[in-house]
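Since the structure comes first, as C-alpha cells, the remarks are kept for the end.
The values are calculated or read from the model by the stated rules, or taken from the named source; none is laboratory data. Every value quoted in this text rests on a predicted model; they were computed, and no experiment measured them. We place every Cβ from the backbone using ideal geometry, glycine too, and count neighbours over all the protein chains shown. Surface accessibility is based on the protein's heavy atoms, side chains included, excluding ligands, DNA and RNA. Shrake-Rupley method; radii C 1.70, N 1.55, O 1.52, S 1.80 Å.
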Amino acid sequence: MSENKIPYKVYLNENEMPTAWYNLRADMVSKPAPLLNPGTGLPLSAEELAPIFCEELVRQELDDETAFFPIPQEILDFYKMYRPSPLVRAYCLEKALGTPAKIYYKFEGNNTSGSHKLNSAIAQAYYAKNQGLKGVTTETGAGQWGTALSMACAYLGLDCKVFMVKVSYEQKPFRREVMRTYGASVTPSPSTETEVGRKILAEHPGTTGSLGCAISEAVEVATKNPGYRYVLGSVLNQVLLHQSIIGLEAKAAFDKIGVKPDIIIGCAGGGSNLGGLIAPFMGEKLRGEADYRFIAVEPASCPSFTRGKFAYDFCDTGMICPLAKMYTLGSGFIPSPNHAGGLRFHGMSPVLSQLYHDGFMEARAVEQTSVFEAAERFARTEGILPAPESSHAIKAAIDEALRCKETGEEKTILFGLTGTGYFDLVAYQKYNDGEMSDYIPTDEDLEKGFAGLPQVPGLE
Ligand SMILES: *Cc1c(COP(=O)(O)O)cnc(C)c1O
C-alpha cells in the first residue's frame, strides 16, 4: 500500500466507531466556492465569521485541504450512547418487491431526537462549550434539529435558544415540548423579539414563517448577545464533515462483510445526511479508486437541485447571512403550504452543489403522495415508521430495486434512513385520509424566487 493511501483506511476504536471525521473537500479537485461577504462580495475571512460561529467550527468550515479531523474523546463518548448506528439489510422489503437487488439502509433514527442531526449537534455544542461560551441559538423547521441541539446542550450544560418556524410550532406541539424538556427555550418565528422578525412580520402579516426567516432571527440574537454563537444543522461544510460519521461507519461495516454498494441514495434538504453518507464512497470515486452511483432525492415541491440555479445566494430570507454558491430556488422561495414532507430549504450544501454540477452525482425530484406511499410500504414490511424526509430516499430505493426486477440485475443499494416519523403524524393522517395532494411549482412560481437572487459585485 502506498503511503498516501494509508489515511483513507477508516480507523475504528474498540466500539467499532470511526475516530476521525472525513473532509470530502480534501479530495475535490474543483472545490466548493467560498462563502462571500454580502457587502463586499469578497470571500469571508475567519475573523469575519468569528462573531457568528465558534472558532474551531470556523476553522473546519474554511479548511478544504485537511482530509481527517480527529473526533474529540468527549464527542466519541457521547456518540457511544447511540452509535454505531445499525446498517440493516431490508430482507422483508426485498421480498415484498420481488427484486433481485439487495437493499441496505443505515438507520439514524435510533436516538430521542429521531434523526442524524444529533451527530453534528453534539459536535457544535462541544466546540461552543470548549470556547467558554454561554449558549447557542438556532432555527428549526420540522423540529429535529432543535431537538438534537437541545439534547446536546443539556448534556454539556449550555443554554439553547431555538427559533421554530411558526407553522411547525403550531402543528408540532409535541416536538416543542421535547425541546423544552431538554431545557431549550423555543420561540415561534417570525417573532417580535428581533429586528428582522419585526420587519418580516410588517411586510408579510400572518406569515407562517420559513426556515430562512428563522435563521435570520437566530443569527441576530447570537450576534447581539455576548457569549452566544449561532449553530446551523445542515448546508455548511462543517456539518457535512461531522455527518461523515454515517458514511464512515457504513463503509467499515460493508468492508467487514465484503459487500460493495453499487447505488447510494439519500434524501436532500440542505444536504447534510447525504453528504455524510456518501463522503467516503465519493472520496473513492474522486480519487479514481472505485465507482458508485449517487442519487440525491428531493421533493418536487422544493426542487433545488433539479430545477434550481447554481448561483450565489443568501442562506436566509432576511438576507443577513453570508452568500453561498449553491443550487438554489432563491432565498425568498417558500414551498406551497400543502407540502408536508420536510426538506423545505431553498438552497443546498455548496459541497454537494459543486459535485452535482461537476457530474459526480444524480438528483431526482419526487411527489409527496408517492413518498408517503413508499413510507407506508416500508413501515408495513420493515417495521420502522420512517420520517417523511427519509421516505424520499425510500421511494428512490424502491424505484431502483423495481428497475433491477425488470432488468434482472442484482445491484446492491444503500440508502440513508435518516429518522423516524413519530412527530409527523399530522402528515401521515392527511395521507391516510386521502387528503394529501401534490403541488409542483410552475416555472412562473420559480421565476419569482430567481428574481430575488443577489447581484454579487465582481461576479456574473
Ligand atoms: C433534517 C432532516 C433531513 C434533511 O436534512 P439534510 O441536511 O438534507 O440531511 C432528512 N431527514 C431527517 C430525518 C431530518 O431530520
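Any idea what diffusion coefficient segment 306-460 gets from Stokes-Einstein, in µm²/s, Kirkwood Rh on alpha carbon pairs, 10 °C, 1.306 mPa s?
Details: Rh = 17.4 Å.
Reported coefficient: 91 µm²/s.
Stretched out fully, how many nm does the piece from Asp77 to Ala46 gain, at 0.36 nm a residue minus the Cα gap?
On the way: separation 31, 0.36 × 31 = 11.16 nm, distance 2.91 nm.
Fully extending the segment from Asp77 to Ala46 adds 8.2 nm.
Using only the heavy atoms of the protein chains and a 1.4 Å probe, how would Asp77, Asp433, Asp316, Asp64 rank by accessible area, largest first? Could the numbers behind the result be given before it?
Details: Asp77 60, Asp433 90, Asp316 0, Asp64 35 Å².
Descending accessible area places them as Asp433, Asp77, Asp64, Asp316.
How about segment 12-96: which GluC sites (Glu not before Pro) there lie in a loop by DSSP and see at most 16 other Cβ atoms within 10 Å?
On the way: sites: Glu14, Glu16, Glu47, Glu48, Glu55, Glu56, Glu61, Glu65, Glu74, Glu94; in loops: Glu14, Glu16, Glu65.
Here the sparse-neighbourhood loop sites are Glu14, Glu16, Glu65.
With every protein chain present, what accessible area does Ser189 have (1.4 Å probe, heavy atoms only), rounded to the nearest 10 Å²?
Accessible area of Ser189: about 0 Å².
Which cross-chain or sequence-distant (5 or more) residues have an amide H under 5 Å from the amide H of Cys321, H modelled 1.01 Å from N in plane?
For Cys321, the qualifying residues are Cys315, Asp316.
Expressed in nm to one decimal, what extension gain is obtained for the pair Glu193 and Ile440 from 0.36 nm per residue of sequence separation less their Cα-Cα distance? List each step's numbers first, then the result.
On the way: separation 247, 0.36 × 247 = 88.92 nm, distance 3.42 nm.
Taking 0.36 nm per residue and subtracting the Cα distance, the gain is 85.5 nm.
With point charges of +1 on the Cβ of Lys and Arg and -1 on the Cβ of Asp and Glu, referenced to the Cα centre of the chain, which listed residue (Ala33, Leu402, Ala379) lies farthest in the positive direction of the dipole?
Ala379
Viscosity 1.002 mPa s, temperature 20 °C: what is the translational diffusion coefficient of segment 203-332 from Stokes-Einstein with a Kirkwood Rh over Cα pairs, rounded to a whole number of µm²/s?
Numbers: Rh = 16.8 Å.
The estimated diffusion coefficient comes to 128 µm²/s.
Cβ neighbours within 10 Å, averaged per peptide: list 127-136, 417-426, 362-371, 208-217 in order, most packed at the top. It would help to have the intermediate numbers written out before the result.
Details: 127-136: 18.7, 417-426: 22.6, 362-371: 20.7, 208-217: 27.9.
With the highest mean Cβ count within 10 Å placed first, the list reads 208-217, 417-426, 362-371, 127-136.
Normalized C-alpha radius of gyration of segment 328-376, against 2.2 N^0.38 Å?
Values: Rg = 13.1 Å, N = 49, 2.2 N^0.38 = 9.7 Å.
This ratio for segment 328-376 stands at 1.36.
Give the calculated FRET efficiency between Asp255 and Glu203 to the nearest 0.05, with a Förster radius of 60 Å applied to their Cβ-Cβ distance.
Details: r = 53 Å, r/R0 = 0.89.
Efficiency, from the Cβ-Cβ distance: 0.65.
Over segment 57-100, what percent of the accessible surface lies on carbon and sulfur atoms, probe 1.4 Å? Before the final figure, lay out the partial values.
Details: 1170 of 2070 Å².
So the carbon and sulfur contribution to the accessible surface is 56 percent.
Determine, for each peptide in 80-89, 178-187, the mean count of other beta carbons within 10 angstrom over its residues, then list the peptides with the highest first.
Details: 80-89: 16.4, 178-187: 18.8.
Result, highest mean first: 178-187, 80-89.
Hey, which lysines would be in cross-link range of Lys102, C-alpha to C-alpha under 23 Å, not counting anything within fewer than 8 residues on its own chain?
Once the sequence-local lysines are set aside, what remains near Lys102 is Lys251, Lys256, Lys260, Lys285, Lys395, Lys405, Lys411.
Could you list the residues of segment 230-265 with an amide nitrogen less than 20 Å from a label point located 7 Å from the Cα of Lys309 in the Cα-to-C-beta direction?
No residue passes the distance filter.
Bin width 10 Å, origin at 0, all Cα-Cα pairs of segment 233-307: what percent of pairs per bin?
Percent of Cα pairs in each bin: 20, 48, 27, 5.
When only the heavy atoms of the protein chains count and the probe is 1.4 Å, how do Lys251, Lys31 rank by accessible area, highest first? Could the numbers behind the result be given before it?
Numbers: Lys251 25, Lys31 60 Å².
I get Lys31, Lys251, largest accessible area first.
Can you give the FRET efficiency for Arg59 and Glu14, using 1/(1 + (r/R0)^6), R0 = 35 Å, r = Cβ-Cβ distance, to the nearest 0.05?
Working: r = 29 Å, r/R0 = 0.82.
Taking R0 as 35 Å, the efficiency between Arg59 and Glu14 is 0.75.
Which of the three applies to segment 143-227, rounded, prolate or oblate, going by the alpha-carbon gyration tensor with a ≥ b ≥ c and a/c under 1.5 meaning rounded?
Working: a/c = 2.74, a/b = 1.36, b/c = 2.01.
Since a/c reaches 1.5 but b/c is at least a/b, the shape of segment 143-227 is classed as oblate.
Dipole size in debye (nearest 20) for segment 345-385 around its Cα centre, Lys and Arg Cβ +1, Asp and Glu Cβ -1? If you can, show how the numbers build up before the last one.
Details: 3 positive and 6 negative charges, 13 e Å.
Using only the charged Cβ atoms, the result is roughly 60 debye.
By the gyration tensor of its Cα atoms, with a ≥ b ≥ c the square roots of the eigenvalues, what is the shape of segment 66-193: rounded for a/c under 1.5, prolate for a/b over b/c, or oblate?
Working: a/c = 2.72, a/b = 1.40, b/c = 1.94.
Oblate is the answer for segment 66-193, as a/c is 1.5 or above yet b/c matches or exceeds a/b.
Placing unit charges on C-beta atoms (Lys and Arg positive, Asp and Glu negative, everything else neutral), compute the dipole magnitude of segment 195-320 about its Cα centre in debye, rounded to 20.
Its charge dipole is roughly 80 debye.
Tell me, how many Å apart are the Cα centres for segment 400-417 and for segment 68-137?
Here the two parts' Cα centres lie 25 Å apart.
About the Cα centre of the chain, how large is the charge dipole given +1 on each Lys and Arg Cβ and -1 on each Asp and Glu Cβ? Please answer in debye to the nearest 20.
Numbers: 43 positive and 55 negative charges, 153 e Å.
Around 740 debye, computed over the chain.
Taking the Kirkwood radius as the inverse of the mean 1/r across Cα pairs, report the Rg/Rh of segment 1-156. Show your work: numbers first, answer last.
Working: Rg = 18.8 Å, Rh = 18.4 Å.
Using only Cα positions, Rg/Rh for segment 1-156 is 1.02.
Report, to the nearest whole %, how much of the accessible area of segment 318-460 belongs to carbon and sulfur atoms, 1.4 Å probe, protein only.
Details: 2980 of 6070 Å².
Of all accessible area on segment 318-460, carbon and sulfur atoms account for 49 percent.
How much accessible area per residue does segment 145-233 have, in Å², with a 1.4 Å probe?
Details: 3550 Å² over 89 residues.
Result: 40 Å² per residue.
Heavy-atom accessible area per residue, segment 294-396, 1.4 Å probe: how many Å²?
On the way: 2810 Å² over 103 residues.
Result: 27 Å² of accessible area for each residue.
Can you work out the Karplus-derived ³J(HN,Hα) for every residue in segment 240-252? Use 6.51 cos²θ - 1.76 cosθ + 1.60 with θ = phi - 60°, whole Hz, and x for glycine or proline.
Residue by residue, segment 240-252 yields 4, 4, 4, 6, 4, 4, 5, x, 4, 5, 4, 5, 4 Hz.
Before rounding to the nearest 500, sum -39500 (n - 2.57) across all DSSP H runs of length at least 4 in the chain and divide by the residue total; then give [θ] at 222 nm in deg cm²/dmol. Spell out each step's value before the answer.
Working: 18 runs with 190 residues, N = 460.
Value at 222 nm, helices only: -12500 deg cm²/dmol.
Using θ = phi - 60° and the Karplus form 6.51 cos²θ - 1.76 cosθ + 1.60, what ³J(HN,Hα) does each residue of segment 336-341 get, whole Hz, x for Gly and Pro?
With coefficients 6.51, -1.76 and 1.60, one gets 3, x, 7, 6, 10, x Hz.
Which of the three applies to the chain, rounded, prolate or oblate, going by the alpha-carbon gyration tensor with a ≥ b ≥ c and a/c under 1.5 meaning rounded? If you can, show how the numbers build up before the last one.
Numbers: a/c = 1.37, a/b = 1.17, b/c = 1.17.
Judged from the Cα gyration tensor, the chain comes out rounded (a/c under 1.5).
Straight-line reach from Lys224: which lysines fall under 24 Å, measuring Cα to Cα and dropping same-chain residues less than 8 apart?
Straight-distance partners of Lys224: Lys129, Lys134, Lys161, Lys166, Lys199.
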